[in-house]
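Colleague: Quick one: structure below, then a few questions.
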Amino acid sequence: MASRQQRRRYVPQRTCVVCRQKTDKRRLTRIVSTSEGRVVVDSSGKLAGRGAYLCEKVSCWEEALRGSALKRALKSDVSREDLARLAGRRPATENENAV
């Protein structure tokens, strides 16, 4: 019997809203603007709402929390409380496996 070639499994790609690097969806952190107007980290990747992705680079997180990249990507205002909550989820050190 001839051996079958195994098909490569499809891996969804997403783009970091700050550095614009494309990578596997699972390696990025999803930020969601919910219907209640809150901005939260979506660890499951399935929350309803408009989403934006950030890579694990500290510089990308700092720029997203300081600048307008999240506001532009989510098409909504991000409150100071939401920014403070997101800052708590930011990576502490630069990940050498980051994009």
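Colleague: Among ARG89, ARG9, which comes first, then next, by fewest other beta-carbon atoms within 10 Å?
Modeller: So the ranking, lowest neighbour count to highest, is ARG9, ARG89.
Colleague: When a footprinting reagent is the concern and you count Cβ atoms within 10 Å, what order do ARG80, ARG38, ARG14 take, fewest first?
Modeller: Placing the least packed residue first, the sequence is ARG80, ARG38, ARG14.
Colleague: Moving on to the next point. Across 5 Å bins from the origin, how do the percents of Cα pairs in the chain run, short distances first?
Modeller: The calculated distribution, bin by bin, is 2, 13, 23, 24, 16, 8, 4, 3, 3, 2, 2, 1, 0.
Colleague: So how do THR93, THR15 line up by other beta-carbon neighbours within 10 Å, fewest first?
Modeller: With the fewest neighbours first, THR93, THR15 line up as THR93, THR15.
Colleague: Oh, and also: For a label point 7 Å from the Cα of ARG38 along Cα→C-beta, name the residues of the range 57-95 whose backbone N is under 19 Å from it.
Modeller: Inside the label zone: 71, 74-90.
Colleague: Still on this structure, please answer the following. If R₀ is 30 angstrom, what is the calculated FRET efficiency for the pair ALA92 and VAL11, using the beta carbon separation as r and rounding to 0.05?
Modeller: 0.65
Colleague: Rounded to whole Å, give me the distance from the Cα center of the range 8-28 to that of the range 37-62.
Modeller: 13
Colleague: Here's another thing I want to ask about it. For the range 1-40, state the average projected area of the convex hull of the C-alpha atoms over all orientations, rounded to one decimal in nm².
Modeller: 4.9
None of the figures in this text is laboratory data; all of them are computed from the coordinates on show. Note that the structure is a prediction, hence the values are computed from the model and not measured. Reconstructed Cβ throughout: ideal geometry from the backbone, glycine too, with neighbour counts over all protein chains shown.
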